[in-house]
1. Report the Rg/Rh value for region 195-241, based on alpha-carbon coordinates and the Kirkwood definition of Rh.
2. In deg cm²/dmol and to the nearest 500, what is the mean residue ellipticity at 222 nm of the chain if only DSSP H runs of at least 4 residues count, each as -39500 (n - 2.57), divided by the residue total?
3. Where Lys and Arg each count +1 and Asp and Glu each count -1, what net charge lies around residue 383 among other residues with Cβ under 12 Å from its Cβ?
4. Rounded, prolate or oblate: which one fits region 281-382, using the alpha carbon gyration tensor with axes a ≥ b ≥ c (rounded when a/c is under 1.5, else prolate when a/b beats b/c, else oblate)?
5. Can you pick out the pairs among 16/87; 51/350; 100/124; 350/374; 124/216 whose Cα atoms lie more than 22 Å from each other?
6. Residues with beta-carbon under 15 Å from that of residue 16, excluding residue 16: net charge, scoring Lys, Arg +1 and Asp, Glu -1?
7. Hey, what angle do you get for helix 144-155 against the long axis of the chain, alpha-carbon based, 0 to 90 degrees rounded to 10?
8. Report, to the nearest 10°, how far helix 275-295 tilts away from the longest principal axis of the Cα atoms in the chain, using its own Cα long axis and a range of 0 to 90°.
Amino acid sequence: MYQVQLWNDLSDKGLKRFTDDYHVQRETEQPDAFLVRSKDLHDMRFPDSLKAVARAGVGVNTIPLNQLANRGIPVFSTPGANANAVKELVIGSLFLTARKLVPSLLWTNNLRGPDIPERIEANKKQFVGTELLGKRIGIVGLGAIGANLANTLHELGMSVTGYDPHMSVESAWRVSNQIQRATQLEDLLATSDYITLHLPLVDATTGLLDASLFSKMKHGATLLNFSRGELVDEEALADVLRSGRLANYVTDFPNAFILSLPRVIALPHIGASTSEAEENCAIMAVDQLRLFLETGNIRNAVNFPAVELPFTGKRRITIAHHNIPNMVGQIASVLAQESINIANMINGSKDAIAYTIIDIDNHADESISLDRLKQIPGVLKTRLL
């Protein structure tokens with residue numbers, strides 16, 4: 001029986017994907033896994049029993065990724081599960097700004113008196129907007145959201161340029177060949193009427209849009225941020241909004257300072273707030289957690305490599321270890337000394353972490369000891385399935 005500790009409310013459609021082999025509860029002393037949505041785990045003391053953390057969503061800034069990786073614990077996220085929800089909100093926000101829908105709505109709702117039709121006709125010129133057709137939009141980040149957004153905006157008649165120096169092969173297949181590729185971020189900023197951010201928040205992207213890059217932007221452009229507020233240097237943002245260089249800033253991450261700035265359209269962090277997205281994230285998180293616990297396979301971990309080996313029912317050993325020379329050789333040597341035959345094996349690495357799956361075909365002893373593997377310097381965690 002696997003013990004799963006649930007830290008936040010999740011969709012029942014996701015939780016129902018657990019079988020009778022799982023006990024899902026709010027509190028347990030020996031959890032095999034954590035299942036979270038927004039719970040901040042940075043100050044958490046992680047029990048030795050913990051094998052995995054699954055996040056129903058893509059933002060993992062609330063989780064100490066490196067600490068868990070060095071404990072041999074993968075952290076799973078759900079890329080793409082909320083992509084359509086965010087994509088639709090970005091498209092809606094483009095219309096909000098292009099047609100001045102927010103100021104026109106506020107102005108109209110404050111009208112009082114019998115002469116409203118006449119006042120509307122006399123004042124509606126102040127709300128003249130622009131059409132999206134033919135306008136150029138730059139999409140920074142072509143992951144699940146950015147790629148889908150690029151294709152849809154192209155179909156709407158916009159001229160779409162994408163920038164992503166780390167685009168995966170999977171994303172490249174998703175992006176239409178009609179989408180232009182920028183090789184330099186500065187080139188995209190200089191030519192785009194609209195810029196929308198779809199990047200993860202990591203050290204390299206924190207404060208990415210600073211005064212230097214804002215100075216490269218096309219005068220009068222609109223910036224949309226539905227990824228993370230910290231991608232934008234707020235002081236530099238304030239300067240370009242107050243000067244009029246930036247026409248609008250649309251964000252899903254408001255704070256007191258952002259709300260004090262002119263020409264800001266702020267939404268209450270609702271990018272993934274649809275019933276469909278919440279269900280998709282919960283289902284994907286549970287499925288990935290089960291895949292790992294039951295087969296050792298790793299899919300969509302943010303701090304571990306993606307490693308999958310078809311599960312045939314043979315005994316399986318998994319080893320999380322540091323990505324250093326001769327680890328696989330030492331592991332194979334220990335198994336050979338124990339007269340354990342390797343039937344199949346796969347290894348992958350990501351930065352400082354590596355992960356090895358080994359199927360064995362000549363050992364039926366349920367009490368097989370992993371002590372010798374654990375004693376290899378650099379081994380973080382072992383499991384026997």
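1. Here the Rg-to-Rh quotient is 0.93.
2. Using -39500 (n - 2.57) per qualifying helix, the result is -8500 deg cm²/dmol.
3. Local charge sum for residue 383: +3.
4. Oblate, since a/c reaches 1.5 and b/c is not below a/b.
5. Among 16/87; 51/350; 100/124; 350/374; 124/216, the Cα-Cα distance tops 22 Å for 16/87; 124/216.
6. -4
7. On a 0 to 90 degree scale, this one is about 40.
8. Helix 275-295 sits roughly 20 degrees off the main axis of the chain.
The values are calculated or read from the model by the stated rules, or taken from the named source; none is laboratory data. Everything numeric here is computed off the predicted structure, so don't read it as measured data. Using ideal geometry, Cβ is built from the backbone for each residue, glycine included, and neighbour counts are taken over all protein chains shown. Side chains included, ligands, DNA and RNA excluded: accessible areas come from the protein's heavy atoms. Shrake-Rupley method; radii C 1.70, N 1.55, O 1.52, S 1.80 Å.
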